[in-house]
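Accompanying notes for the structure given below.
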Amino acid sequence: MNSAPNRGSGVGVVTDAGSGPPVTGPTTGKSGPPATARRRRPRRNPTAPPWLFVVPALVVYAVVVLYPSIAGMFYAFTDWSGVGGFSFTGLENFRTLLHDDMARESIRNTLLLTVAVVVVQNGIGLLLALGVNANIRTKSLLRVIFFAPAVVSPVMVAFLWKYIYNPDDGAGLNGVLGAVGLGGLRQDWLGDPSLALWSVAAMVIWQYAGYSMVIFLAGLQGVPAELHEAARIDGAGTWQRFRYVTWPLLAPALTINLMLSTIGGLKLFDQVYAATNGGPGTSSETLSTVLYKQAFVYGKFGYSTAVALVLAIFVAAVSLVQLRYLRAREVTA
């Protein structure tokens, strides 16, 4: 056997007269497969499991939300006064709720207020959205003006409207009515039991109509212009284009607005408490104001948590039924 190494390239050539052609290979002197063919051991990932990052948020959520909710459900069946001990009373708090004149009046007022807010607020919001969606120069400014009340604190809005509803003949709304020759329409807007609830509804509608407008406006801008153009070519008028083109495609925006306004109306508290404190009498009491008064005025925390539980179940039930119907309408539209 003869070998003749190639010193310039570092590769040796081995010849064997009886074994065929030359065989080339590395001449490094190392045994085993080449380095590129060796399998690398997988490195351990030093990163912590992803679920560890969720633990702090879950702990905070459990302490702030879950524990108070579960404790409230338990206290709804007790006579707890907020401090000290308590005793288990079963369904007594719920029986009291059914026979409490203030609670029954508050349920009625809550439903009336919710219906008024949902219908009028979304109707005005849709009209505003159609108006500012048109090709007018001031549409951007109008959008800001109409939406601005939605970002103001509800308590500030209540105090503003308390001045507007000033019962004096020369102040607020009564002053404006007198100035335009409609002095006969002047009222004690928040002091009249037959007007107090609707006066509160008006301030809520004024504040959040612009919010509904923004959601409807987003839906309107998602309607393809080609559909309107095709309907116009086919001879459809303005109302027909709205009825058969725009309105069906606004179904998702309508679902969002109806859900938000319904939930907001059922749990309305700030404007009512700041403007009327539930009065005069019980004419503007809502379930939220009754809940607050029973807990922090009369010290009946057990009864107040029973009211809160009923309110939560009622809001959840109404919302689920409404959502199911509106989702079905989106599919058919």
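Check whether at least one residue in segment 134-149 is touching a helix residue (DSSP H, G or I) at 6+ places or on another chain (Cβ under 6 Å), among the aliphatic types (A, V, I, L, M) and open to solvent by 30 Å² or more (accessible area, probe 1.4 Å), and report yes or no. Full working, then the answer.
Of the residues in segment 134-149, the ones touching a helix residue (DSSP H, G or I) at 6+ places or on another chain (Cβ under 6 Å) are 139, 142-143, 146-147, 149.
Adding the requirement that they be among the aliphatic types (A, V, I, L, M) leaves 142.
Then drop every residue that is not open to solvent by 30 Å² or more (accessible area, probe 1.4 Å), which leaves 142.
The answer is yes; a qualifying residue exists.
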Which ones in segment 135-164 are in contact (Cβ under 8 Å) with a residue 60 or more places away in the chain and among the charged types (D, E, K, R)?
ARG143, LYS162
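Is there a residue in segment 233-240 that is buried (at least 17 other Cβ atoms within 10 Å of the Cβ) and either part of a helix (DSSP H, G or I) or at positive phi (or both)? Lay out the reasoning, then the answer.
Taking segment 233-240 as the starting set, the residues that turn out to be buried (at least 17 other Cβ atoms within 10 Å of the Cβ) are none.
No, every residue in segment 233-240 fails to be buried (at least 17 other Cβ atoms within 10 Å of the Cβ) and either part of a helix (DSSP H, G or I) or at positive phi (or both).
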Which ones in segment 64-96 are touching a residue at least 12 places away in the same chain (Cβ under 8 Å), open to solvent by 90 Å² or more (accessible area, probe 1.4 Å) and over 23 Å from THR289 (Cβ atoms)?
PHE86, LEU91
Please state which one of SER319, SER283, SER304 is in contact with a Ser or Thr (Cβ under 8 Å, 6 or more places away or on another chain), over 30 Å from GLU330 (Cβ atoms) and either surrounded by 23 or more Cβ atoms within 10 Å (Cβ to Cβ) or in contact (Cβ under 8 Å) with a residue 12 or more places away in the chain (or both).
SER283
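Restricting to segment 241-262, what's the tally of residues that are open to solvent by less than 50 Å² (accessible area, probe 1.4 Å) and part of a helix (DSSP H, G or I)?
14
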Of all residues in segment 165-179, how many are open to solvent by less than 80 Å² (accessible area, probe 1.4 Å), free of Cβ contacts under 8 Å to residues at least 12 places away in the same chain and either outside any helix (DSSP H, G or I) or in contact with a strand residue (DSSP E or B) (Cβ under 8 Å, 6 or more places away or on another chain) (or both)?
3
In segment 97-115, the residues that are loosely packed, with under 13 Cβ neighbours inside 10 Å and either of a type in the set (A, V, I, L, M) or touching a residue at least 60 places away in the same chain (Cβ under 8 Å) (or both)
LEU98, ASP101
Go through segment 150-162 and report how many residues are open to solvent by 80 Å² or more (accessible area, probe 1.4 Å), under 21 Å from the mean Cα position of the chain (by Cα) and over 24 Å from GLY219 (Cα atoms).
0
Restricting segment 180-225 to residues that are under 21 Å from the mean Cα position of the chain (by Cα) and over 23 Å from THR255 (Cβ atoms), the residue that is most open to solvent (accessible area, probe 1.4 Å):
TRP206
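State yes or no: is MET203 in contact with a Ser or Thr (Cβ under 8 Å, 6 or more places away or on another chain) and in a helix (DSSP H, G or I)?
No, not satisfied.
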When you scan segment 116-133, do you find a residue that is touching a residue at least 12 places away in the same chain (Cβ under 8 Å) and either loosely packed, with under 13 Cβ neighbours inside 10 Å or out of contact with any helix residue (DSSP H, G or I) (no Cβ under 9 Å at 6 or more places or on another chain) (or both), even just one?
no
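Considering only segment 60-104, state which residues are on the phi > 0 side of the Ramachandran plot and within 29 Å of the chain's Cα centre (by Cα). Before the answer, list the steps.
Step one: filter segment 60-104 for residues on the phi > 0 side of the Ramachandran plot, giving 82, 84, 90.
Those that are on the phi > 0 side of the Ramachandran plot and within 29 Å of the chain's Cα centre (by Cα): none in segment 60-104.
The values are calculated or read from the model by the stated rules, or taken from the named source; none is laboratory data. Predicted model only: the values in this text are computed from it and were never measured. Backbone-built Cβ (ideal geometry, glycine too); neighbour counts: all protein chains shown. With ligands, DNA and RNA removed, areas are computed over all heavy atoms of the protein, side chains included. Shrake-Rupley method; radii C 1.70, N 1.55, O 1.52, S 1.80 Å.
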